[in-house]
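Peer 1: The structure is given below, and queries will be raised subsequently.
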2 protein chains.
Amino acid sequence: MKKIINSIDTLLDESLNGFAKAHSDIILLNNQPHFIKRTKPAQARKVAVISGGGSGHEPLHIGFVGSGMLDAACPGQVFTSPTPDQILAAAQAVENGGGVLFIVKNYAGDVMNFEIAAEMLDCQNATVLVNDDVSFPKTHSTGRRGVAGTLIVEKIVGAAAEQGADLAACKALGVRVNLATASMGVALSSCTVPALGRPTFAISDTEMEMGVGIHGERGRETIPLISATEIVGHLAAAINDELKPQKNQPVLLHVNGFGATPLMELYLVYELAAQFWQQRGVNIARSLVGNYTTSIDMAGCSITLSILDEELLRYWDAPVNTANLRWGC
Amino acid sequence: MKKIINSIDTLLDESLNGFAKAHSDIILLNNQPHFIKRTKPAQARKVAVISGGGSGHEPLHIGFVGSGMLDAACPGQVFTSPTPDQILAAAQAVENGGGVLFIVKNYAGDVMNFEIAAEMLDCQNATVLVNDDVSFPKTHSTGRRGVAGTLIVEKIVGAAAEQGADLAACKALGVRVNLATASMGVALSSCTVPALGRPTFAISDTEMEMGVGIHGERGRETIPLISATEIVGHLAAAINDELKPQKNQPVLLHVNGFGATPLMELYLVYELAAQFWQQRGVNIARSLVGNYTTSIDMAGCSITLSILDEELLRYWDAPVNTANLRWGC
C-alpha cells in the first residue's frame, strides 16, 4: 500500500488536526468524540444542520461546515459510520433553540447510528435521508445509496436554515431536493482502504465498473473500458430516465471526481454531459465540477443532476463560507 | 492506459470547452489559438497579468483567471509549452493600457515562447520567472523549476495589479514573492501522459521519488517508502534551509496534491508541516491545502512555504473570484 501516512491508527486524528489548523478561521475540531463545528455559533433559534459519515470522502462532510451550510459534521473512521455518542455530542454542541436536522446518506450503519442519536437527543429533531444513486432500482433491498447529491441537499437546506426556515420547512426542503436529484458513477480503479492495505476489488487494465458507489464496492456491472462519450451516455441516460427533466427546466449539473481523476477529465465529462442535456433543451443553470464526494484514491467520477426551481436556485446561490465550498461571502 | 477520454487529439479541446461552459460567469475561452480570459474586462490602465504553460496541471493556470488574479491564461497541450502566437493573442486581447506582466514557470520551452511573444508584443511588458523548487541546487544547469509556488506569485501580483500597482511595481512584487517562496515535492507514483499511454517512470511498490517535479520526470532520488513524518521532515528541512524563516515571522503554508492524493493525506501532511515550523516558532499566518498544481494523476504532494510581510498578507487576503480560488467576493 502506497500512502503518505504514519500509521493506520493515527491517520484520522492527524488529518483532522491538520484540517482544523488549516481552517481555524471557519471551524473547530472537538476531540473525544470527534466532530467539526463552526467557529462562530449560528444565530439563536436557527435550525442546526448536521451531517456525517465515514471518512475517506473528503471534502464531504467536514469541508462543508460553515456559514450557509452545515453547523457540524461527524467524521467516522474510514468508510465507517460515526458513533451515536459522536452524533449526539455534535448535536448538543450546536443546537441553539431551533432544533436539529440530520442529513444522512442511506447506508445501514449511518441510518442506524443517526437514529439512535436522534432518540437520545433531548430536543426537536428530524432527518433527511439522501438516496440519489440511480445505479440500482428503487426496489433494491437496502434502498438506493446516498452519493454526490448529498452536497446539494446540504447546501440548499443549509441556506434555508441560515435564512430562518424552521425545522419542518428544512426537512421538507431536504426531501424535495433529494427527490429532484439523481447521480450515477463509474470507476476505472478500486480505492485502497488504509486498514485493508490493498485495492478492495481487482479490475483489469481494459475494464471499468459501471454504476459504482463511494466505498470501493463493485459497481452494477464490470464492462470493457469505453470512450468518454459512451461513459457519459450511460450515466446521463440513467439519470435522465429517473428525473425526466423538461425542456427549459433549470438544472444543476455536478460532475464529481472520486479522488484520483484529473480535473482535465472531469471537465471533459462535464462538457459531454452538458451536451447531452442541452441537446434535450434542458437549461443548465448552475454547474459544479471537482472532487467533492471522493472515495479515497479511486479513479473515476459521477454525474449528478438536480432539478432546481427558482426557490432552490436562490438557496444554491446564497452565500456559503466553508473550507471547500465558498461564494458570495 | 485508463483514462476517461475520447481521443488524445480531442482531449484538450473538449476539456477546455467544458471548463468554459462550467465557469461562463467568470471566464471565456478563445479558440484558435486557445486562451482563457475574464468575462468582464479589467478597468482601464490595469496591468494585464498573464500566465500559462502545459496543460495537465489544472487548476493551474486556467482556474486562476478572474477578478483579483490573472487576466488570461494560455494552456498548451499536455506538458507542452503554449506557442508564442497563443501568448501574443492572449496579451493583445487583455492589454488595457497598463502593459502586460507575464508570470512564467522556469522551463526552457515556456521561457523561450514567452520571450518570443514579449518581443512581438507592441506594448510595455515584463516577465516574472518562478523557480521555487528547491529539489535541485541554485546552480543547476537549467536553473530551478517553477512549481506550486507559482499560484502564490499569481495571487499576490494579481491583487496588486487589481489595486492599481503599475507594471514595474507588479514585476518587483512578483520577484520578491518568488524569492520568499520555496517548494519541494515527493511522488509515490508516476503520472501517465495521455499521448505516451503509460507511466513516465517505473517505480516499485516500496519506493518513492523524493524531490520530484510536476512533469512526470524522476525526482532527485529514488528512496524506500518512509513514514509521513519522515517525508515531511525531508521536504520541510530543505525548504527551511533555503528560506530560513525567523521566529514569529508570518508565513503561508501551502500543501499541494499532485492529483491522485486524497485530501485526508494532504491534511495529514499539513499537520506535520505545521508542527515542524511551529516548533521553530514560525507564525503560520495563512494556509492553503488541496490539489492546485497537479501532475495529471500522480500520487504525491509538495510543500510550499512563503514568507509574507504585512503588505504581502494584505494582497493574499484581497478578494479573488476565479474558478478554483475564491474568497472575499
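Peer 1: With charges only on Cβ, +1 for K and R and -1 for D and E, what is the dipole size of the protein assembly as shown about its Cα centre, in debye, rounded to 20?
Peer 2: 740 debye
Peer 1: Turning to a different aspect of this structure: Can you find, among A:A148, A:L263, A:V65, the residue sitting farthest towards the positive end of the charge dipole of the protein assembly as shown, where Lys and Arg contribute +1 and Asp and Glu -1 at Cβ?
Peer 2: A:V65
Peer 1: Taking the Cα centre as origin and putting +1 on Lys and Arg beta-carbons and -1 on Asp and Glu beta-carbons, what dipole magnitude results for the stretch B:243-320, to the nearest 20 debye?
Peer 2: Dipole size: approximately 260 debye.
Peer 1: Considering the options B:V282, B:I239, A:N125, tell which one lies farthest towards the positive end of the dipole of the protein assembly as shown, charges being +1 on Lys and Arg and -1 on Asp and Glu at the Cβ, about the Cα centre.
Peer 2: Among B:V282, B:I239, A:N125, the one farthest towards the positive end of the dipole of the protein assembly as shown is A:N125.
Peer 1: Shortest first and in nm with one decimal, please list how far the B:S24 label point sits from its counterparts in the other copies (point 7 Å along Cα→Cβ).
Peer 2: 4.4
Peer 1: Size of the dipole of chain B about the Cα centre, Lys and Arg at +1 and Asp and Glu at -1 on the beta carbon, nothing else charged, in debye to 20?
Peer 2: 420 debye
Peer 1: Grab the eigenvalues of the alpha-carbon gyration tensor for the protein assembly as shown, scale each by 5, take roots, and send me the semi-axes largest first in whole angstrom.
Peer 2: Taking √(5λ) for each Cα gyration eigenvalue gives 37, 27, 26 Å.
Peer 1: Which semi-axis lengths, in whole Å and largest first, follow from the square roots of five times the eigenvalues of the Cα gyration tensor of the stretch B:16-180?
Peer 2: Equivalent-ellipsoid dimensions as semi-axes: 22, 18, 15 Å.
Peer 1: Which helices count as membrane-span-like in chain B under these terms: full DSSP H, at least 20 Å along the axis by C-alpha, Kyte-Doolittle mean of -0.5 or more?
Peer 2: Flagged H segments are B:228-243, B:263-278.
Peer 1: Using the Kirkwood radius over Cα pairs, work out the Stokes-Einstein diffusion coefficient for the stretch B:1-89 at 10 °C and 1.306 mPa s, in µm²/s as a whole number.
Peer 2: After rounding, the answer is 119 µm²/s.
Peer 1: Please go through the stretch B:269-329 and write out the trypsin sites (Lys or Arg not before Pro) that DSSP classes as loop and that have at most 16 other C-beta atoms within 10 Å.
Peer 2: B:R280
Peer 1: Could you tell me whether chain B comes out rounded, prolate or oblate from its Cα gyration tensor? Rule is a ≥ b ≥ c as square roots of the eigenvalues, rounded for a/c under 1.5, then prolate if a/b exceeds b/c, otherwise oblate.
Peer 2: The shape class here is oblate.
Peer 1: Continuing with this model, one more query. Net charge within 13 Å of A:E311 by Cβ-Cβ distance, Lys/Arg positive one each and Asp/Glu negative one each, not counting A:E311 itself?
Peer 2: -1
Peer 1: Summing +1 for each Lys or Arg and -1 for each Asp or Glu, what net charge is found among the other residues whose Cβ lies under 13 Å from the Cβ of A:A182?
Peer 2: 0
Peer 1: Quick one: net charge of A:G99's neighbours, Cβ under 12 Å, K/R +1, D/E -1?
Peer 2: -1
Peer 1: If you don't mind, another one. Report, in whole Å, the centroid distance computed from the Cα atoms of the stretch B:1-51 and the stretch A:81-116.
Peer 2: Cα centres, the stretch B:1-51 to the stretch A:81-116: 42 Å.
Peer 1: What is the residue of chain B with the smallest Cβ distance to the axis taking B onto A, and what is that distance in whole Å?
Peer 2: B:A260, 2
Peer 1: Compute log10 of I(q)/I(0) for the stretch A:181-307 with the Debye formula, placing one identical point scatterer on every Cα and leaving out solvent, at q = 0.09 Å⁻¹, to two decimals.
Peer 2: After summing over all Cα pairs, the log10 values are -0.24.
Peer 1: Oh, and also: Please identify every one of the trypsin sites (Lys or Arg not before Pro) in the stretch A:194-251 that sits in a loop by DSSP and has no more than 13 other beta carbons within 10 Å of its own beta carbon.
Peer 2: For trypsin sites (Lys or Arg not before Pro) across the stretch A:194-251 that sit outside H, G, I, E and B with at most 13 neighbouring Cβ atoms in 10 Å, the list reads A:K247.
Peer 1: List the distances, in nm to one decimal, from the label point of A:K138 to the label points of the same position in every other copy, shortest first, placing each label point 7 Å from Cα along the Cα-to-Cβ direction.
Peer 2: Relative to the other copies, A:K138 has label-point distances of 6.9 nm.
Peer 1: Give the residue list of trypsin sites (Lys or Arg not before Pro) in the stretch A:42-110 that are DSSP loop and have at most 12 other beta-carbon atoms within 10 angstrom.
Peer 2: Here the trypsin sites (Lys or Arg not before Pro) that fit, given the DSSP loop and packing criteria, are A:R45.
Peer 1: I need the inter-copy label distances for B:E115: point set 7 Å along Cα to C-beta, values in nm with one decimal, smallest first.
Peer 2: Sorted ascending, the copy-to-copy spacings read 7.0 nm.
Peer 1: Roughly to the nearest percent, how much of the accessible area of the stretch B:181-307 is carbon and sulfur, given a 1.4 Å probe?
Peer 2: Within the stretch B:181-307, the accessible surface is 48 percent carbon and sulfur.
Peer 1: In whole percent, what relative contact order does the stretch A:181-307 give with Cα contacts below 8 Å and a gap of six or more residues?
Peer 2: 36 percent.
Peer 1: Could I get the Rg over Rh figure for the stretch A:47-91? Both from C-alpha atoms, Rh via Kirkwood, rounded to two places.
Peer 2: 0.96
Peer 1: Would you give the gap between the C-alpha center of the stretch B:144-211 and the C-alpha center of the stretch A:195-244, rounded to a whole Å?
Peer 2: Each part reduced to its Cα centre gives a spacing of 33 Å.
Peer 1: Eight or more residues apart or on different chains, and alpha-carbon atoms under 26 Å: count the Lys pairs in chain A matching that.
Peer 2: 26
The values are calculated or read from the model by the stated rules, or taken from the named source; none is laboratory data. Keep in mind that this is a model prediction, so the values were computed, not measured. Glycine also receives a Cβ, built like all others from the backbone with ideal geometry; neighbour counts cover every protein chain displayed. Heads up: the accessible areas ignore ligands, DNA and RNA and are worked out on the full protein's heavy atoms, side chains in. Shrake-Rupley method; radii C 1.70, N 1.55, O 1.52, S 1.80 Å.
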